[in-house]
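The values are calculated or read from the model by the stated rules, or taken from the named source; none is laboratory data. Quick caveat, the model's predicted, so the values are computed rather than measured. Positions of Cβ are generated from backbone atoms using ideal geometry, with glycine treated the same way; all protein chains shown enter the neighbour counts. Calculation scope for accessible area: heavy atoms of the full protein, side chains included, ligands and nucleic acids excluded. Shrake-Rupley method; radii C 1.70, N 1.55, O 1.52, S 1.80 Å.
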Amino acid sequence: MNKNGFYELIKNRRSIRAFDTERKVPENTIVKILEAGRLAPTASNRQPVKFHVVQERSMLRKLHNCYSKSWFSDAPSVFVLTGRREDAWVRTFDGYNSLEIDAAIMMDHMILAAESEGISTCWIIAFDPAVVKEVLELKADEIPLIMTPLGYFPDGYVKREMPERKSLKELVTYY
Ligand SMILES: Cc1cc2nc3c(=O)[nH]c(=O)nc-3n(C[C@H](O)[C@H](O)[C@H](O)COP(=O)(O)O)c2cc1C
């Protein structure tokens, strides 16, 4: 990919909330996307995050109870990222724990990798964590952090424009 390809990828990625139930993501593509997450940087290289790949119909159906939007249950694959706070790096000055940052970087790598493979995704954190813990049979200290459906949008689906972003002027302070 050339330099512009990278920036185009970032511009073109949208959160997709419609999936073709019949069209599965090929297994080798799933593995390539997971690999992008595996290679992501984490604080002190602690890699405190686990990747759960949910693809069996019965499991997808159960997982739907944690986030009841219909498009969520239409996706053929869902990645759920979980982690234990004690596995993540902690800042000595104030006890700040990097678990969520590490998970977000791993997920962002996977979401951009998915985009480059033509696979649609949508970050989700508005799920019920208690349901996720039950469905995935997580231990008490394993925290559900982020998830995304993965799949193809249906024929005729119109990808929307990028929602307005703040300008650099609003975001940046130079010193
Ligand atoms: C940390 C995070 C959590 C999000 N949680 C949800 C969610 O629970 N449900 C949802 O529909 N979208 C969720 N989104 C998607 C955002 O709404 C979306 O990224 C934002 O509106 C910008 O749109 P875009 O992704 O198409 O650029 C989340 C995004 C991020 C980064």
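Any idea which residue in the stretch 5-25 is nearest to the chain's Cα centre (by Cα), counting only those that are surrounded by fewer than 16 Cβ atoms within 10 Å (Cβ to Cβ) and either hydrophobic (A, V, I, L, M, F, W, C) or within 16 Å of the ligand (Cβ to nearest atom) (or both)? Restricting to residues being surrounded by fewer than 16 Cβ atoms within 10 Å (Cβ to Cβ) and either hydrophobic (A, V, I, L, M, F, W, C) or within 16 Å of the ligand (Cβ to nearest atom) (or both), the top hit is S15. The number of residues in the stretch 66-97 being open to solvent by 50 Å² or more (accessible area, probe 1.4 Å) and among the β-branched types (V, I, T) comes to 2.
Residue by residue, here is whether (1) open to solvent by 100 Å² or more (accessible area, probe 1.4 Å); (2) within 16 Å of the ligand (Cβ to nearest atom); (3) closer than 17 Å to A75 by Cα holds:
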| site | (1), (2), (3) |
| --- | --- |
| E137 | yes, no, no |
| M147 | no, yes, yes |
| P154 | no, no, yes |
| Y175 | yes, no, no |
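Can you find, within the stretch 133-173, the residue that is modelled with the lowest pLDDT among those that are outside any strand (DSSP E or B) and among the β-branched types (V, I, T)? In this case the residue turns out to be V158. Quick check, is A75 more than 23 Å from S15 (Cα to Cα) and of a type outside the set (F, W, Y)? Criteria not met by A75. With respect to E137, determine if the residue is of a type in the set (D, E) and over 23 Å from I16 (Cα atoms). Judged against the criteria, E137 is a match.
Only one of these is more than 15 Å from the chain's Cα centre (by Cα), open to solvent by 50 Å² or more (accessible area, probe 1.4 Å), free of Cβ contacts under 8 Å to residues at least 24 places away in the same chain and under 20 Å from I101 (Cα atoms): N28, N2, N45. Name it.
Details: N28 fails: under 20 Å from I101 (Cα atoms); N2 fails: under 20 Å from I101 (Cα atoms).
Answer to the check: N45.
Within the stretch 48-80, the set of residues being assigned to a loop (DSSP other than H, G, I, E, B), in contact (Cβ under 8 Å) with a residue 60 or more places away in the chain and within 17 Å of F127 (Cα to Cα) comprises Y67, A75. The set of residues in the stretch 65-86 that are under 15 Å from M110 (Cα atoms) and hydroxyl-bearing (S, T, Y) comprises S77, T82.
Considering only the stretch 98-132, how many residues are touching a Cys at 6+ places or on another chain (Cβ under 6 Å), surrounded by 18 or more Cβ atoms within 10 Å (Cβ to Cβ) and assigned to a helix (DSSP H, G or I)? Reasoning before the result, please.
As a first pass, look at the stretch 98-132 and keep what is touching a Cys at 6+ places or on another chain (Cβ under 6 Å): 127-128, 131-132.
With surrounded by 18 or more Cβ atoms within 10 Å (Cβ to Cβ) added as a condition, the list becomes 127, 132.
Restricting the remaining residues to those that are assigned to a helix (DSSP H, G or I) gives 132.
Number satisfying all stated conditions: 1.
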